[in-house]
């Protein structure tokens, strides 16, 4: 990995999935990564789905595209070494003036379908 990541929090189990929050200072840019590894559902096949939500404390025009690729590559390594091997993750990237100060509450699934 190119950057040194610090685990801020983590929770989970196979039945509900796993969440991890990591942070790093990447080329003088603070970065916060929220990772969610979904539970294994038969509809997803053999692999697990992973969502990475990443916050960058910088201006949109401050960084080159390669910087974001390096960050996502590092996050992919974190996923494969700490959560579950996968070859694809879904991503959301945000620029912000300050990184969010977050505390873990809960995670899982919530049924929103028709109960009739």
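Things worth noting here:
- Among the numbered conditions (1) at pLDDT 90 or above; (2) touching a helix residue (DSSP H, G or I) at 6+ places or on another chain (Cβ under 8 Å); (3) over 17 Å from residue 106 (Cα atoms), the only one that residue 86 does not meet is (1).
- Top-ranked residue in region 1-20 [being within 11 Å of the chain's Cα centre (by Cα) and within 25 Å of residue 98 (Cα to Cα); ranked as surrounded by the fewest Cβ atoms within 10 Å (Cβ to Cβ)]: 19
- Once region 37-68 is narrowed to residues that are modelled with pLDDT of 90 or more and within 20 Å of residue 87 (Cβ to Cβ), the residue that is surrounded by the most Cβ atoms within 10 Å (Cβ to Cβ) is 52.
- Hits in region 21-36 (condition: in contact (Cβ under 8 Å) with a residue 24 or more places away in the chain and either in contact with a helix residue (DSSP H, G or I) (Cβ under 7 Å, 6 or more places away or on another chain) or surrounded by fewer than 14 Cβ atoms within 10 Å (Cβ to Cβ) (or both)): 22, 26, 27, 31, 33, 35
- Residue pairs whose Cβ atoms lie under 7 Å apart, sitting 6 or more positions apart in sequence or on different chains, and linking a residue in region 88-116 that is in contact (Cβ under 8 Å) with a residue 40 or more places away in the chain and on the phi > 0 side of the Ramachandran plot to a partner that is part of a loop (DSSP other than H, G, I, E, B) and surrounded by 10 or more Cβ atoms within 10 Å (Cβ to Cβ), are 108/16.
- Within region 69-116, the set of residues being more than 13 Å from the chain's Cα centre (by Cα), surrounded by fewer than 11 Cβ atoms within 10 Å (Cβ to Cβ) and outside any loop (DSSP other than H, G, I, E, B) comprises 69, 81.
The values are calculated or read from the model by the stated rules, or taken from the named source; none is laboratory data. Owing to the predicted nature of the structure, the values given are computational and were not obtained by experimental measurement. Virtual Cβ from ideal backbone geometry, glycine too; neighbours counted across all protein chains shown.
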